[in-house]
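Okay, structure first, notes after.
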Amino acid sequence: MLSRYLLILFFCSQYASAQPYYTRMRGAFGADAYGIAPRAAVTAEAAFGYLKKSFWNVQAGVGAITSAHFRSPTVLGALTHCFVLNPYKRRPCIPQPGSYLVESFFEAGVGGFLVDRYDNGIYYNPDKQRLLTPSGVAGFRFHLVSRKWIYMLKLRYTPPLLHNALASHAGVGVGVGWR
């Protein structure tokens, strides 16, 4: 009988010790320029897998490329793991610390974009335009935390894993999330 209570206490203490050192974000909408988007895209993202000092984030978006000889819709996505750089100073007597005005994170993961290569007038050989361009993602996220909203700025280094003339090596994103 005592072993059951100890087992329950053990699992509950693990959950209590996983109290995050940052403000949790449920979801967000935003825009990305370059990076995992060839030019620009409207995005949505959701955080999950909350740990004590990190969380996982999934992002998806839709954009378009338009130039004189090439038009294509784009679909992009990314999966990143974000590590808090300025964690809350938590004490046992303060179970829920207040939030910082600006929280900073290092994020790393994978991402990529898809383009439709049907209308590829600038490319003489269809093999020069890849349908899928995966890339690595490394960068910094800054969250400006208010009572209800989280305003985000993302600065990313995104080296493409496969050569593509539309891929860029860096990008920026902005967004608004909710708590």
Over segment 41-59, the set of residues small (G, A, S), more than 13 Å from T23 (Cα to Cα) and crowded, with 16+ Cβ neighbours inside 10 Å is A41
Looking across segment 138-179 at residues that are hydrophobic (A, V, I, L, M, F, W, C) and within 12 Å of the chain's Cα centre (by Cα), the single one that is most open to solvent (accessible area, probe 1.4 Å) is F140
Of (1) open to solvent by 30 Å² or more (accessible area, probe 1.4 Å); (2) at pLDDT below 85; (3) not aliphatic (A, V, I, L, M), P134 satisfies every one except (2)
Of all residues in segment 34-75, count the ones that are part of a loop (DSSP other than H, G, I, E, B) and in contact with an Asp or Glu (Cβ under 8 Å, 6 or more places away or on another chain).
0
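The values are calculated or read from the model by the stated rules, or taken from the named source; none is laboratory data. Note that this is a predicted model, so its numbers are computed, not measured. FYI the Cβ positions are ideal-geometry reconstructions off the backbone, even for glycines, and counts take in every protein chain you see. Please note that ligands, DNA and RNA were not included when accessible areas were found on the heavy atoms of the full protein model with its side chains. Shrake-Rupley method; radii C 1.70, N 1.55, O 1.52, S 1.80 Å.
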